[in-house]
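Structure first, commentary second.
Here, each number is a calculation from the coordinates, and none is a lab measurement. Computed from a prediction, not measured in an experiment: that's the story for all the values here. No Cβ is skipped: glycine too gets one built from the backbone with ideal geometry, and neighbour counts run over all protein chains shown.
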Amino acid sequence: MPIHIQSYYSGFPSEFTTENYSVIVWKGSGFFSVDEINYAYKGYNILFLSPYQKLKLFSETGENISILLFHGDYYCIEYHKEEVACNGLLFNNIYLNPAIELSKESYEYILELFNHIKKEESEQHPFSESIIKTYIQLILALASKQKSNIDHNITPNGKLANKNAAKFQKLLETHYKNEKELSFYSDKLSITNNTLSKAVKKEFNKTPTRLINERIILESKKLLHLTYRSVKEIASELGFTDEFYFSRYFKKSVGCSPKNYRKKVGVSVVAKMSI
């Protein structure tokens, strides 16, 4: 299934996950969880999931849900990331809410684009694939623009309000491959584990330990999808001395082994172009 539009009018699955990239649009109020992290929502919403992320959605108003699914072989996020600025903003950012609240006009426009995609998918004329990719690119670019504006306005300078949380984020991006213990980061900041945990939880809605795990898994997924390196090589790069321990670590978080993840998600055209 390279691309598909899926609609739920009732009975949304208790847990939704797929090997595809997913763009989910709905309205109403309630809460959803992505990989067991809860977020409240209201109004008009759009959510972005990368392969094998787990979604649970609990609507208080029972509104319709529309999902655009596309495989990385059909539309390569990494290949087009500079055109739509979405790779690290919409799909692959562990620090941000994966959803955006839309205006009614934007919501209706994106649903209209979904309908255009569905029409092109059914017609299957020679230009359908190019037209569909243009629609996907437009959806991602519009959402990236709005999310960038929202996140920049969190503080006057677009910076995190909590200094300890900001410093932790910077340290994590530098040391996550080799330092997986919370105490390393709290020692670096000269604060207790508890103080760091409270600051990070308040800023990101996740514990530091959870963010360490998610950062490792995110890089694992990228290396499996964007390179031809073996699982053993990837494990070593991420600071695991035992390939089998890394595979168990990955499977516990993602739900499948690194080898199966690569098999289902595929190897990106970016990796193929670098050979």
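Looking at the P(r) of the chain, how many percent of alpha-carbon pairs lie beyond 34 Å?
Values: 7937 of 37675 pairs.
It works out to 21 percent of all Cα pairs.
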Links that overshoot a 27 Å alpha carbon limit, given the list Lys206/Lys272; Lys42/Lys202; Lys252/Lys272; Lys104/Lys170: Lys206/Lys272; Lys252/Lys272; Lys104/Lys170
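Per 0.36 nm of contour for each residue apart, how much would the distance between Glu173 and Phe244 grow if the chain were fully extended, relative to their Cα-Cα spacing?
On the way: separation 71, 0.36 × 71 = 25.56 nm, distance 2.45 nm.
Taking Glu173 through Phe244 to full extension adds about 23.1 nm, to one decimal.
Quick one: compute the contact order of the chain, relative version, from alpha carbon pairs under 8 angstrom and 6+ residues apart, as a percent.
Contact order relative to length: 17 percent.
Select from the range 1-100 those GluC sites (Glu not before Pro) which occupy a DSSP coil region and have at most 13 other Cβ atoms within 10 Å, ordered by residue number. Please list the in-between numbers first.
Working: sites: Glu15, Glu19, Glu36, Glu60, Glu63, Glu78, Glu82, Glu83; in loops: Glu15, Glu19, Glu36, Glu60, Glu63, Glu78.
Loop-located and lightly packed - Glu15, Glu36, Glu60.
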Spin-label model distance (nm) - Thr207 vs Glu112, 7 Å beyond Cα toward Cβ: 4.7
Given charges at beta-carbon only (K, R positive; D, E negative), |dipole| of the chain in Debye: 880
Zone residues, the range 33-71, relative to Glu101, backbone N less than 15 Å from point 7 Å out along Cα-to-Cβ: 39-47
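For the chain, which longest stretch is free of loop sites, where a loop site is one of the chymotrypsin sites (Phe, Trp or Tyr not before Pro) that DSSP puts outside H, G, I, E and B and that has at most 14 other Cβ atoms within 10 Å?
Numbers: sites that count: Tyr9, Tyr79, Phe127, Tyr228.
Answer - 128-227.
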All lysines inside 16 Å of Lys118 as judged from Cα atoms, apart from same-chain residues fewer than 8 positions distant: Lys133
Efficiency of FRET from Cβ geometry, Ser183 and Lys54, R₀ 22 Å, rounded to 0.05: 0.15
Virtual spin-label span in nm between Ser122 and Ser253, 7 Å along Cα→Cβ: 4.2
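So for Asp187, Asp35, fewest C-beta neighbours within 10 Å to most, what's the order? Let's see the in-between values first.
Numbers: Asp187 13, Asp35 21.
In order of increasing Cβ crowding within 10 Å: Asp187, Asp35.
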Cut-off under 5 Å, modelled amide H: who pairs with Ile3 long-range: His71
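Show me the three semi-axes of the equivalent ellipsoid for the range 163-273, from the C-alpha gyration tensor (sqrt of 5 times each eigenvalue), largest first, rounded to whole Å. Intermediate values should be presented prior to the final figure.
Working: eigenvalues 168, 36, 32 Å².
The answer is 29, 14, 13 Å, longest axis first.
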